[in-house]
Amino acid sequence: MAEAESRWDELIRSILSRSFSNEVVVDILSKLPVKSLICFKSVCKPWRAMFGDPKFIEMHLSNGISNKRESYLLRILPFNDEDGSSLSTDSDDGSDFGMLPLPDQTSVNTSPGYDFDFNEDEVEEIYSLRDKKSFDEIGKLEVPIQSKSLYYLMVESMNGVVCLIETDDDEGWYLTVNMFLWNPATREFKTLPKPYINRFTGPVRVAAVGFAFHPKINDYKVVTIVHSVETNSLKVEVFSLKEDCWRNVGAEIMQVGAPRMTLSFQDYLSSAFVNGALHWTMCKKDGYFFSENYILSFDVCTDKFNKMKLPFPYVGYELLVYQAPKTFEGPLALIAYNSIENCDIWLMKEYGVVESWVRQYSIRGWVWSVMPFGFFDDGNLIIELSIDRHLFSYDLDVECMRYLEVFGHIRIVKYIESLVPLKSDSRLNWYPSTNPL
């Protein structure tokens, strides 16, 4: 630590001795976009060294967060549209279509004039940056290296680093799995070493994937949990960016047990990173009979698993856990929805205290075509119509939804550009990483 501080002080003296008597220049540079800083690397060696210093990287990231430069990053695998049509945002009488109630049972089978033809061999994935308030597109990102399996799946984004997964199938059963870390701003792209899953001889299911950064250990970690078909067992492996390797982690808490017993994660790509731990919702069954639902957490600092009880058993419900929006008072939010009845949203007021679960919202008349998959920062629910994959923002207080003019297979994460290095050999020396519209 002392050595790092000394190196930082020496860099500052080297830079400021040229023409400045204070640290104004450092403050200014730390507030500039990554694109500008990459261009300024050629100004002088001290500047180049400073932009790669951990203290400056942290300062730049902190300024970006405090100045609210976060955006939403959408990974979209669009449908083919032979007619060039889209969901109209105007009603038949010409009035604004902006806010709508949830569809009822009589309307869910009516697709709004859209003819979908999805052929994944002919579709290219899109990475779209969206403004957090208006949801307008502000740019597109391009993955530097094309996927060998047509496209990537996006896991999560942390401090400007995006975790991607590439498989030989998108339904959960794989013979091979490759994982990557990508910094779109610096265009650095790191292929992770082969994880444990690739050492199985038979088919396996990727039960869950998680990506997190823990400031206490200053490390980025990728967590993979796989289920072997042959042994009916779960294996866990954790990749550390700091150590640049995978290692096996004990998972006694997830032992499947009898051959009829199964453990399943509700959404293998989604996890909530709260209080230094990744969280997933799990369902335990004995054959066809329900046994138990719970939240499984994994502390990325200690590599320990823990179980957390749900506020209600919710047999036959889809269960999703997320980091609660700042507009909610609590760390964890749970969405429980049934395709023919209702959707409940619970909030854990005090982390780890089961008695602190409070039912925040209960939406009656929920229908099968509406699928929730997260929250926007303003507390609105992110929902998708399953019949045509159109994306909406649902205001829980006024009970209306707004069409976001996006459709296809969609995943949304928060993103902020940064200088965080990946220690890879595949950094591209050209820019831009975003294409302004």
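The values are calculated or read from the model by the stated rules, or taken from the named source; none is laboratory data. Just so you know, these numbers come straight off a predicted model, no measurement behind them. All Cβ positions, glycine included, derive from the backbone under ideal geometry; neighbour counts span all protein chains shown.
With respect to LEU129, is the statement that it is at pLDDT 95 or above, assigned by TED's automatic domain parsing to the domain that holds ASN183 and within 29 Å of ASP219 (Cβ to Cβ) true? Criteria met by LEU129.
Within the range 132-166, restricting attention to residues that are among the hydroxyl-bearing types (Ser, Thr, Tyr) and within 20 Å of GLY374 (Cβ to Cβ), the residue that is modelled with the lowest pLDDT is TYR152. The set of residues in the range 349-384 being farther than 17 Å from TYR317 by Cβ and over 20 Å from the mean Cα position of the chain (by Cα) consists of LYS349, GLU350, TYR351, GLY352, VAL353, VAL354, GLU355, SER356, VAL358. For a quick check of your reading of the model, give me the residue pairs whose first member lies in the range 65-76 and is among the charged types (D, E, K, R), whose second is assigned to a loop (DSSP other than H, G, I, E, B), with beta-carbon atoms closer than 7 Å and at least 6 apart or on different chains. What qualifies is ARG69/ILE416; GLU70/LYS132; GLU70/ILE416; ARG75/GLU125. Go through the range 49-69 residue by residue and tally those that are surrounded by 15 or more Cβ atoms within 10 Å (Cβ to Cβ) and assigned to a loop (DSSP other than H, G, I, E, B). Qualifying residue count, the range 49-69: 2. The set of residues from the range 393-437 being aliphatic (A, V, I, L, M) and either crowded, with 21+ Cβ neighbours inside 10 Å or modelled with pLDDT of 90 or more (or both) comprises LEU396, VAL398, MET401, LEU404, VAL406, ILE410, ILE412, VAL413, ILE416, LEU419, VAL420, LEU422.
Exactly one residue out of LEU278, LEU263 is surrounded by 16 or more Cβ atoms within 10 Å (Cβ to Cβ), hydrophobic (A, V, I, L, M, F, W, C), modelled with pLDDT under 85 and in a strand (DSSP E or B), and it is LEU263.
Scanning the range 360-392 for residues that are of a type outside the set (D, E, K, R) and at pLDDT below 85 yields a count of 9. Scanning the range 195-237 for residues that are among the β-branched types (Val, Ile, Thr) and touching a helix residue (DSSP H, G or I) at 6+ places or on another chain (Cβ under 8 Å), we see that the one that is modelled with the lowest pLDDT is VAL204.
The numbered conditions (1) aliphatic (A, V, I, L, M); (2) at pLDDT 95 or above; (3) more than 24 Å from SER386 (Cβ to Cβ) are all true for LEU73 except (3).
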